[in-house]
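Structure first, commentary second.
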There are 2 protein chains.
Amino acid sequence: MKHLPDIDPSKLEVTKTTTPKQLVPNQDLVFGRTFTEWTASQGWLAPRIAPYQNLSLDPATCVFHYAFECFEGMKAYKCPKDNSLRLFRPDKNMSRMNGSSARIALPTFDGDALIKLIGEMCKLEERFIPSEKGYSLYLRPTMIGTQRTLGVGPPGSALLYVIASPVGPYYPTGFKAINLEATDYAVRAWPGGVGDKKLGANYAPCIVPQLKAAKRGFHQNLWLFGEEEFITEVGTMNLFVCIKNKETGQKELVTAPIDGTILEGVTRDSVLSLARERLEPQGWKVSERYLRMRDIAEAEKEGRLMEVFGSGTAAIVSPVRNISWKEQMINCGLKETEEAGQITLKMKGWMEGIQYGDEEHPWSFKIP
Amino acid sequence: MKHLPDIDPSKLEVTKTTTPKQLVPNQDLVFGRTFTEWTASQGWLAPRIAPYQNLSLDPATCVFHYAFECFEGMKAYKCPKDNSLRLFRPDKNMSRMNGSSARIALPTFDGDALIKLIGEMCKLEERFIPSEKGYSLYLRPTMIGTQRTLGVGPPGSALLYVIASPVGPYYPTGFKAINLEATDYAVRAWPGGVGDKKLGANYAPCIVPQLKAAKRGFHQNLWLFGEEEFITEVGTMNLFVCIKNKETGQKELVTAPIDGTILEGVTRDSVLSLARERLEPQGWKVSERYLRMRDIAEAEKEGRLMEVFGSGTAAIVSPVRNISWKEQMINCGLKETEEAGQITLKMKGWMEGIQYGDEEHPWSFKIP
């Protein structure tokens, strides 16, 4: 097989906008676009950075019909100490994105090359990133199949692009604990499926259960799996449970194991690592294991359920107040006057400390 | 809630192309486009028929990120007797499409209105449809979410469009039996999932297993389910098995039941109806029931496996020669010199007779 070009940052072409946007950080403002095209015969073409603009695609393009699409969510931060721009574990996003694209027959690419291009774009858009904790530039690497065909087969061409949007703090006035509804009538993912990949395909089917939960007053729904009703994830977040052992009273931080039915969150992995490094010495046990809804319900009744939180790129951690399950309302351990538990607060502090460069850490990638 | 407009064919606007395409029927030639847009605040806007052209979409459009997309496959036929244009059970496609769109929070629509618009487009493109058996105009109704947002939520706007492509016979030189590989390492669908809906999300994840089967010399892969390895479907076709009962010798036509894990094929439903009407009087039993791979393997060994075929819009029926399963090669009943079994041949004849109007039948919808 002929060796085809991978992404080559040295061939980057930059077209700056002639109508620069005003400095109004706003979650709806999307701008900037770095992109590179791929064809089966030529490999990855020269990358470009260009002003934000529409894509022009044939209505028979395979992304519209067969969901040839995958994405990543990541953020660029500005360090208040030295004004350096930083990414958080971008290598994890790149390897996950390559895993996603390979699973749906889209091309893979050199992750370091894309990190370099993202860095160039961040530098260009630097003025949109305040050096204040909570603010960042949200980055959305996206890959779509662009072949014009109604035939169901591997795409012969693809577009890889990154768009950016300045975002403020997820909880501008401090944490607000959320309420979840456990979903028992629909299933998000299953063994042998693609629920562990960041594919568009995993998202559209989640909306109706989310809307149903919202109608009943819940912020999100919690996906269960199997007759045992194992806790999996929240669709846009992984879930962590702090629980005391029935027999020993041992404090344990538990999240669902990587078995193909949950997204392999970068924040999930970071929370686990930090917990192993910083909570285990304080007597905690850290576990990736199955937890059933009835285990949580039982722990609540026995006063052993300490704290529950979601983890994801948007909010880092999201405290959970209640989970509704089978006519029961499980109180996850927060007092009425509290919006977040101790572990949730600690995790947010540790994570932000690393993301914004207060603490020098190998996870914080300084854009050169 | 305010009553919002549904699709209104009386508001149809037609723009004819100024550069008509040459009469070269070709499966790659895609043209014609009828479309209507929807917004959450205005409902369905006035429909239009316009020359084939690209769509211009923001890179943050939700169809690119979260797979808000569903489609249908159908055909328009020209009746050799009276040159009338006909659709085959278009109401089935419309109700399935509404089921698909509702499942992913896209808007639903008046199916009869869309059938009317499709009819208008077919009349405009009539010269591309030869009145010869096997030829038809392939129609691809497609709905995509068009809201420009990276937020994971219900799309506030959508585009419903239909594109068309003239197609010739699927088997131009007569049937060619295909070989299938049973897939045991990946799972297409799950109870409580969306495998029964015609969503883009169900297609991209099927390609890699298909390619793996192709590398080993198979035309398609056959999706199994569960530890019992129930036969489900072929990804682009439903599957029918003709088998003799072990005890009684009773001939039985079997296909997987509608349980959420198989697409509810229009051709599948038609084959079942025709079999009940025309094969049962000849002594056949017609069943929608679970069949395990080992049931087929056993039937082959005991000389009870008569015939296997797939069913779908593209080929109507596709005869199967072999199924590879766990180091076994199951011969599905065809002689070396045969390319299709008796039931497969009969079904094709019956279906085409109805589709092309040889036989007047309520399934054949004459475009007025």
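The values are calculated or read from the model by the stated rules, or taken from the named source; none is laboratory data. The structure presented is a predicted model; accordingly, all values stated were derived computationally and were not measured. Cβ: placed from backbone, ideal geometry, glycine included. Neighbour counts: every protein chain shown. In case anyone asks, the SASA skips ligands and DNA or RNA and just uses the protein heavy atoms, side chains included. Shrake-Rupley method; radii C 1.70, N 1.55, O 1.52, S 1.80 Å.
Summary of computed values
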{"read-out": "Residue within region B:72-86 that is within 12 Å of another protein chain (Cβ to nearest Cβ) and either within 17 Å of the chain's Cα centre (by Cα) or more than 22 Å from B:THR236 (Cβ to Cβ) (or both) present", "value": "yes"}
{"read-out": "Matching residues in region A:127-141 - criterion: being at pLDDT 90 or above, in contact with a Leu (Cβ under 8 Å, 6 or more places away or on another chain) and surrounded by fewer than 22 Cβ atoms within 10 Å (Cβ to Cβ)", "value": "A:TYR138, A:ARG140"}
{"read-out": "Looking only at region B:325-356, and only at residues there that are in a helix (DSSP H, G or I) and hydrophobic (A, V, I, L, M, F, W, C), the one that is nearest to the chain's Cα centre (by Cα)", "value": "B:MET351"}
{"read-out": "Test: residue in region A:102-114 that is part of a helix (DSSP H, G or I), within 14 Å of another protein chain (Cβ to nearest Cβ) and surrounded by fewer than 21 Cβ atoms within 10 Å (Cβ to Cβ)", "value": "yes"}
{"read-out": "Per-region count, region B:244-256, residues open to solvent by less than 20 Å² (accessible area, probe 1.4 Å) and not β-branched (Val, Ile, Thr)", "value": "3"}
{"read-out": "Given (1) crowded, with 21+ Cβ neighbours inside 10 Å; (2) out of contact with any Ser or Thr (no Cβ under 7 Å at 6 or more places or on another chain); (3) under 25 Å from A:VAL234 (Cα atoms), number of the condition A:TYR356 does not satisfy", "value": "(3)"}
{"read-out": "Near pairs, Cβ below 8 angstrom, 6+ apart or cross-chain, from region B:134-148 (within 11 Å of chain A (Cβ to nearest Cβ)) to any residue that is open to solvent by 10 Å² or more (accessible area, probe 1.4 Å) and among the basic types (Lys, Arg)", "value": "B:TYR138/B:LYS75; B:LEU139/B:LYS75"}
{"read-out": "In region A:193-243, residue surrounded by the most Cβ atoms within 10 Å (Cβ to Cβ) [restricted to those that are farther than 25 Å from A:ARG96 by Cα and among the β-branched types (Val, Ile, Thr)]", "value": "A:ILE243"}
{"read-out": "Only listed residue being open to solvent by 40 Å² or more (accessible area, probe 1.4 Å) and either at pLDDT below 95 or assigned to a loop (DSSP other than H, G, I, E, B) (or both), chosen from A:LYS123, A:LYS92", "value": "A:LYS123"}
{"read-out": "Restricting region B:31-67 to residues that are in a loop (DSSP other than H, G, I, E, B) and facing another protein chain (nearest Cβ under 7 Å), the residue that is most open to solvent (accessible area, probe 1.4 Å)", "value": "B:ASN54"}
{"read-out": "Sole residue being in contact with an Asp or Glu (Cβ under 9 Å, 6 or more places away or on another chain), at pLDDT 95 or above and at negative phi, chosen from B:ALA158, B:ALA186", "value": "B:ALA158"}
{"read-out": "Answer residue from region A:142-174, given it is among the aliphatic types (A, V, I, L, M), in contact with a Gly (Cβ under 8 Å, 6 or more places away or on another chain) and closer than 14 Å to A:ILE104 by Cβ and is most open to solvent (accessible area, probe 1.4 Å) among those", "value": "A:VAL152"}
